[in-house]
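Undergrad: Quick one: this structure, given as structure tokens, is what I'll be asking you about.
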Amino acid sequence: MNKKRIVFVGSHLSDKRGTKGISEKISILLRDKYEVVLVSRYENLALRSMDIIWTLLSSRFDIVHIDVFSNKAFYYADIASRIAKAKKERLIMTLRGGMLHEEYERYPSRMKKVFERADILQSPSLFLIDFFKRKGFNVNYMPNFIEIDRFNYNRDNVHPNTILWVRAFAEIYQPELAVRTIGKLVTKYPDIKLTMIGPDHGLLPGIEKLIIELELDDHVEVVGRIPNEELYRYYQTHAVYLNTTRYESFGMAVIEAAACGIPVVSTNVGEIPYIWNDNENILLSRADDEDMAQKVDILLSDPYLAASISKNARKKAETFSWEHIKAKWMRLLDGKES
């Protein structure tokens, strides 16, 4: 019996960036049952477009799966869905971009046409599902998964008063909020340390300048990019994880941190309040340094609360393991979920 042929259309750049996206990870786990193709691995926009078009036109697929993001990346969903629809191939779209709701408000007609081509619309974001259902779309819930075995729960080697921030140095993730939060805590915690991990997307020079201006040179360490498989060492040895993002379509970094047991303080945005319960498995904060510093202080000064949040967060993270998510993907690809 021939295997079903599935193509995952998206940004599959692990060869260049070192980190596999969700669809790339899923494709690897599905290869024992399906014939899987990934497109595209090109960073250049023109080459990526040509690669997607050529792959879809030159081959026949039983299922076309498209990762849908906002801004320029939405073009790929548009062109790929046109081809799949013309060839009458089963089309699944996963809405991943955290700002898709804003783009829909700006371009409702364009996005409606693209979404209506899909046989299945799904998203890992309950926030996006709620938004698009109010716009008349039927969107199924398909949560992302984490490789839970790579993020073991361990709180035996935590360094006191250490704070961890793991995101790209980009405007959407507000790294300056993390630095200013530490500035608010230095007086009470003179030994406080912030470790910042992630690639520079343009803001790092400004962050380094801010660190000097606030006289936090001895309190903030910028590590840069760390391979995903090594992050657990940082999660397991820091006392609090700071999530300062403006938008959150799922929050993979938060779930990975929670799996290792590090208590999380996060801005109350996007998907976060849909997944997490304030004061139970996370502390939610306004997007200002005063409130965020207050929430960090609560965790640093109350070890019993920190331990409770840590254990509850691990339990929540376990619900996003591949073992829990795999069955949903099998039903979807076998046409048993609509």
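The values are calculated or read from the model by the stated rules, or taken from the named source; none is laboratory data. Please read these numbers as outputs of a predicted model, since none were measured by experiment. Note that we place each Cβ from the backbone using ideal geometry, even for glycine, and neighbour counts take in every protein chain shown.
Undergrad: For ALA46, are the conditions met, namely being without any contact (Cβ under 8 Å) to a residue 24 or more places away in the chain, over 23 Å from PHE250 (Cβ atoms) and of a type outside the set (S, T, N, Q)?
TA: Taking the combined requirement at face value, the residue satisfies it.
Undergrad: Note down all Cβ pairs under 6 Å where the first residue falls in region 302-322 and is under 14 Å from VAL240 (Cα atoms), the second is modelled with pLDDT of 95 or more and of a type in the set (D, E, K, R), and they're at least six residues apart or on different chains.
TA: Filtered contacts from region 302-322: no entries.
The rows are residues; the columns are (1) aromatic (Phe, Trp, Tyr); (2) over 25 Å from MET330 (Cα atoms).
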| position | (1), (2) |
| --- | --- |
| LEU57 | no, yes |
| TYR75 | yes, yes |
| ILE79 | no, yes |
| HIS101 | no, yes |
| SER123 | no, no |
| GLY136 | no, yes |
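Undergrad: Which numbered condition trips up ARG233, out of (1) of a type in the set (Lys, Arg); (2) touching a strand residue (DSSP E or B) at 6+ places or on another chain (Cβ under 9 Å); (3) closer than 21 Å to ASN161 by Cβ?
TA: Only one criterion in (1) of a type in the set (Lys, Arg); (2) touching a strand residue (DSSP E or B) at 6+ places or on another chain (Cβ under 9 Å); (3) closer than 21 Å to ASN161 by Cβ is unmet by ARG233, namely (2).
Undergrad: Among the numbered conditions (1) surrounded by 19 or more Cβ atoms within 10 Å (Cβ to Cβ); (2) at pLDDT below 95, tell me where LEU126 comes up short.
TA: (1)
Undergrad: For SER40, indicate whether it is among the small types (Gly, Ala, Ser), surrounded by fewer than 20 Cβ atoms within 10 Å (Cβ to Cβ) and at pLDDT 90 or above.
TA: The answer is no for SER40.
Undergrad: Could you please find all residues in region 47-73 being within 23 Å of the chain's Cα centre (by Cα) and more than 28 Å from LYS336 (Cα to Cα)?
TA: Scanning region 47-73 gives ARG48, SER70, ASN71, LYS72, ALA73.
Undergrad: Which numbered condition trips up SER59, out of (1) more than 23 Å from MET142 (Cα to Cα); (2) without any contact (Cβ under 8 Å) to a residue 40 or more places away in the chain; (3) of a type in the set (Ser, Thr, Tyr)?
TA: (2)
Undergrad: Shifting gears a bit: For a quick check of your reading: which helices (runs of 4 or more DSSP H) sit entirely within region 1-63 and have at least 3 residues that are out of contact with any helix residue (DSSP H, G or I) (no Cβ under 8 Å at 6 or more places or on another chain) and closer than 30 Å to ILE148 by Cβ?
TA: The helices (runs of 4 or more DSSP H) meeting that bar are 14-17, 22-30.
Undergrad: I need a count of the residues in region 138-157 that are of a type outside the set (Phe, Trp, Tyr), crowded, with 20+ Cβ neighbours inside 10 Å and either free of Cβ contacts under 8 Å to residues at least 60 places away in the same chain or closer than 21 Å to GLN236 by Cα (or both).
TA: Adding up the residues that qualify gives 3.
Undergrad: Starting from residues that are in contact (Cβ under 8 Å) with a residue 12 or more places away in the chain and more than 29 Å from GLY21 (Cα to Cα), keep the ones in region 184-201 and report whichever is farthest from the chain's Cα centre (by Cα).
TA: Per the criteria, the residue is LYS188.
Undergrad: Looking at (1) modelled with pLDDT of 95 or more; (2) part of a loop (DSSP other than H, G, I, E, B); (3) within 23 Å of the chain's Cα centre (by Cα), find the lone condition where ASN144 falls short.
TA: (1)
Undergrad: Among (1) outside any helix (DSSP H, G or I); (2) touching a residue at least 12 places away in the same chain (Cβ under 8 Å); (3) of a type outside the set (Ser, Thr, Tyr); (4) over 30 Å from LEU210 (Cα atoms), there is one condition VAL269 misses while meeting the rest; what is its number?
TA: Only one criterion is unmet by VAL269, namely (4).
Undergrad: Being over 23 Å from GLN294 (Cβ atoms) and surrounded by fewer than 18 Cβ atoms within 10 Å (Cβ to Cβ) is the filter here; which residues of region 204-217 pass it?
TA: Of everything in region 204-217, those that are over 23 Å from GLN294 (Cβ atoms) and surrounded by fewer than 18 Cβ atoms within 10 Å (Cβ to Cβ) turn out to be PRO205, GLY206, GLU208, LYS209, ILE212, ASP217.
Undergrad: Can you name the residue in region 48-70 that is of a type in the set (D, E, K, R) and farther than 13 Å from GLY10 by Cβ and, of all such residues, is surrounded by the most Cβ atoms within 10 Å (Cβ to Cβ)?
TA: Ranking the candidates gives ASP62 first.
Undergrad: Could you please give the count of residues in region 74-98 that are of a type in the set (Lys, Arg) and part of a helix (DSSP H, G or I)?
TA: Matching residues across region 74-98 total 2.
Undergrad: Here is a follow-up. Could you grab me the full set of residues in region 202-247 that are part of a loop (DSSP other than H, G, I, E, B), farther than 21 Å from SER310 by Cα and in contact (Cβ under 8 Å) with a residue 12 or more places away in the chain?
TA: Those that are part of a loop (DSSP other than H, G, I, E, B), farther than 21 Å from SER310 by Cα and in contact (Cβ under 8 Å) with a residue 12 or more places away in the chain: GLY202, LEU203, LEU214, LEU216, HIS219, ARG225, ILE226, PRO227, ARG246, TYR247.
Undergrad: For GLU256, indicate whether it is under 19 Å from the mean Cα position of the chain (by Cα), assigned to a helix (DSSP H, G or I) and under 23 Å from PRO199 (Cα atoms).
TA: It is true that GLU256 is under 19 Å from the mean Cα position of the chain (by Cα), assigned to a helix (DSSP H, G or I) and under 23 Å from PRO199 (Cα atoms).
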